[in-house]
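Report on the following structure.
The values are calculated or read from the model by the stated rules, or taken from the named source; none is laboratory data. Note that the coordinates shown come from a computational prediction; the quantities given were computed from them, not determined experimentally. When we count neighbours, we look across all protein chains shown, and the Cβ atoms used for this are built from the backbone with ideal geometry, even at glycine. Ligands, DNA and RNA are excluded from the accessible area calculation, which covers all protein heavy atoms including side chains. Shrake-Rupley method; radii C 1.70, N 1.55, O 1.52, S 1.80 Å.
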Amino acid sequence: MTAAPPAVTTADVRLLARRLSAVVGDAHVLADADLRAPYERDFTGRWQGGSLLVVRPADTAQTAEVLRLCAGAGVAVVPQGGNTGLVGASVPGGDARGEVLLSLRRLDGVGPVDPRARRVTVGAGVTLAALQHQVRPHGLEFGVDLASRDSATLGGMAATNAGGERVVRYGTTRANVAGVEAVTADGRVLDRLAGLPKDNTGYDLAGLLVGSEGTLAVLTRLRLVLRTRPPRRTAALLAVDSVAAAVAALEPLRRLESLELAEFFTADGLALVLAHGSLPAPFRTAHPVYLLVECAAAHDPTEELADAVALCAAREVAVATDGGARRRLAAYRERHTEAVNSLGPPLKFDVTLPLPELPRFVDELPGLLAGRARAVVFGHLAEGNVHLNLVGAARSDEEPLARAVLGRVADAGGSISAEHGVGRAKAAYVPLTRGADDVALMRAVKAAWDPAGILNPGAMLPSPPPPGARPRPA
Ligand code: 2HG
Ligand code: ZN
């Protein structure tokens with residue numbers, strides 16, 4: 001039997017705080033509960049957990065020293081970017097002995113934009129909005145865009161392999177990160193930052209770290225892929241009769257090379273957004289399902305979009321070409337998260353369904369939920385990515401609801417974690433879609449990078465079976 005690790009005493013924490021202060025400065029080691037509080041709670045209010053200390057290094061060297069000190073003290077570390085995550089991966093709570101919360105927000109430098117290589121190097125703490133602000137004057141764009149762009153940081157987006165609204169055209173964050181710099185659990189700096197377009201020298205460690213949720217190493221800098229920003233844009237909101245009709249509409253829409261976004265939401269979600277944001281309704285009548293699409297190109301894409309929309313069985317259509325009108329249409333979709341949140345901490349599911357299964361999954365939800373919660377459904381249609389938010393569920397119903405929903409997704413050949421990550425919210429459910437050998441290999445990867453298990457404990461992987469337990473069949 002392995003001995004339980006020794007408890008972390010108040011004296012240990014004080015000593016660690018002093019050592020950390022010597023590295024990052026007194027102002028950046030937060031021991032006071034009031035100062036730590038904003039870092040210890042996610043914005044939905046569902047995930048919160050006290051930290052021993054919050055530490056805010058300014059650069060890679062300081063981050064490495066912080067990790068060396070924490071590893072030496074045997075104290076776990078939870079890395080955090082903009083704290084916009086939705087699966088409990090960026091707030092403490094995975095190690096009962098207590099954790100240091102490592103905020104990367106001060107790593108906020110943006111390097112020069114290289115228009116020939118179409119790359120830029122950024123610190124992990126740069127927000128997506130700040131990046132957009134820097135690259136757009138060059139006629140370039142970062143391919144990933146999210147509603148939480150003002151707070152979400154590139155480090156957090158890479159750590160979770162964030163998807164967002166433009167995946168249909170540009171892929172997820174992994175496809176848009178060319179290289180990374182990261183600090184290992186024991187404080188070594190891994191430099192895979194060059195991000196060359198061709199480089200097959202060994203395993204793709206940068207690709208592995210993207211999406212590893214801070215469980216393998218701490219991302220400190222990223223080399224990002226930039227694309228030409230298409231100057232002409234047209235958006236359209238289509239009202240359709242059903243999710244099946246929205247899925248069918250993808251066929252003509254996806255023939256358009258200019259298609260950049262295809263999102264859906266339902267009448268219930270729209271009503272919530274309108275009431276929460278005091279917004280005017282897009283149409284005089286409510287419709288069961290809405291599809292928001294946007295095309296972007298060097299030429300004006302309005303006509304080709306109109307031709308495709310004519311094949312989409314839409315009941316009503318609103319078109320927007322200028323920026324203000326497009327933002328007004330986008331708000332109906334982007335403001336779902338805050339509108340849902342106003343009803344109390346939701347139970348969130350971020351799942352992918354194979355497209356042919358998507359309509360049935362949504363249509364059968366009322367039966368599956370059996371009145372135990374109100375469902376608000378929206379998401380990224382082209383990828384079959386459904387954001388199912390349940391509100392009003394009793395605490396005692398949460399686990400059975402999660403089993404029912406995620407079990408249905410797994411049975412349909414879907415993914416229980418589409419773009420938000422696994423975190424602590426979904427770790428126990430990973431075996432629904434990953435077999436025993438698969439989980440064992442992932443555990444081996446974790447052990448190779450973080451043998452002491454101090455990086456983001458409890459996130460991503462299911463707890464190991466108790467000693468002596470028989471392995472579960474895959
Ligand atoms: C979005 O697509 C985000 O707006 C958040 O991924 C989804 O709040 C959610 O469930
Ligand atoms: Zn999303």
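For n ≥ 4 DSSP H runs only, could you compute -39500 (n - 2.57) per run for the chain, divide by its residues and tell me the 222 nm figure to the nearest 500?
Counting only the DSSP helices, I get -9000 deg cm²/dmol.
Tally up the carbon and sulfur contribution to the accessible surface of the chain as a whole percent, 1.4 Å probe, everything protein left in place.
53 percent
Ordered by residue, what ³J(HN,Hα) values in Hz, to whole numbers, does the stretch 18-31 give under the Karplus form 6.51 cos²θ - 1.76 cosθ + 1.60, where θ = phi - 60° and Gly and Pro are x?
Once θ is set to phi - 60°, the couplings for the stretch 18-31 become 5, 5, 5, 4, 5, 8, 9, x, 3, 5, 10, 10, 9, 9 Hz.
What's the angle, to the nearest 10 degrees (0 to 90), between helix 267-277's Cα axis and the longest principal axis of the chain?
Once rounded, one gets 70 degrees.
If packing is taken as the average count of other Cβ atoms within 10 Å, what order do 319-328, 106-115, 335-344 fall into, highest mean first?
335-344, 106-115, 319-328
Contour minus end-to-end for residue 298 and residue 191, with contour as 0.36 nm per residue of separation and end-to-end as the Cα-Cα distance?
So the chain would gain 34.9 nm between residue 298 and residue 191.
Would you please classify the overall shape of the stretch 232-337 from the alpha carbon gyration tensor, given that a ≥ b ≥ c denote the square roots of the eigenvalues, rounded means a/c under 1.5, and beyond that prolate means a/b larger than b/c while oblate covers the rest?
Note, shape of the stretch 232-337 comes out oblate.
Report the relative contact order of the chain, percent, no decimals, based on alpha-carbon pairs under 8 angstrom and at least 6 residues apart.
15 percent
With both bridge residues required to lie in the chain, what share of the DSSP beta bridges run antiparallel, to the nearest 5%?
DSSP beta bridges in the chain are roughly 90 percent antiparallel.
Please compute the modelled spin-label separation between residue 338 and residue 151, points set 7 Å along Cα→Cβ, answer in nm with one decimal.
A separation of 1.0 nm, rounded to one decimal place.
Along the Cα-to-Cβ line of residue 355, 7 Å from the Cα, sits a label point; which residues in the stretch 282-300 have backbone N less than 20 Å from it?
Of the residues in the stretch 282-300, 289-296 have backbone N under 20 Å from the label point off residue 355.
Which angle between 0 and 90 degrees, to the nearest 10, do you get for helix 243-254 versus the longest principal axis of the chain when only C-alpha atoms count?
In the chain, helix 243-254 runs at an angle near 90 degrees to the longest axis.
Mind giving me the FRET efficiency for residue 248 and residue 321? R0 is 35 Å, r the Cβ-Cβ distance, nearest 0.05 is fine.
After rounding, the FRET efficiency stands at 0.85.
What shape does the chain have by the C-alpha gyration tensor, where a ≥ b ≥ c are the square roots of the eigenvalues, rounded means a/c under 1.5, and otherwise prolate means a/b greater than b/c and oblate the rest?
Verdict is prolate for the chain.
Suppose each label sits 7 Å from its Cα in the direction of the beta carbon; what would the residue 403-residue 452 distance come out to in nanometres?
3.8 nm
How much net charge surrounds residue 346 when only other residues with a Cβ under 14 Å from its Cβ are counted (Lys, Arg +1; Asp, Glu -1)?
Once positives and negatives cancel, what remains is -1.
Once phi is turned into ³J(HN,Hα) by the Karplus curve 6.51 cos²θ - 1.76 cosθ + 1.60 with θ = phi - 60°, what whole-Hz value does each residue of the stretch 119-127 show in order, with x for glycine and proline?
Karplus values, whole Hz, x for Gly and Pro: 9, 8, 9, 10, x, 4, x, 6, 7.
Could you provide, to the nearest whole Å², the per residue accessible area of the chain with probe 1.4 Å?
Per residue, the chain has 44 Å² of solvent-accessible surface.
Could you run the Karplus curve 6.51 cos²θ - 1.76 cosθ + 1.60 with θ = phi - 60° over the stretch 280-286 and give me ³J(HN,Hα) per residue in whole Hz, x for Gly and Pro?
Whole-Hz 3J(HN,Hα) from phi for the stretch 280-286: x, 5, x, 10, 5, 10, 7.
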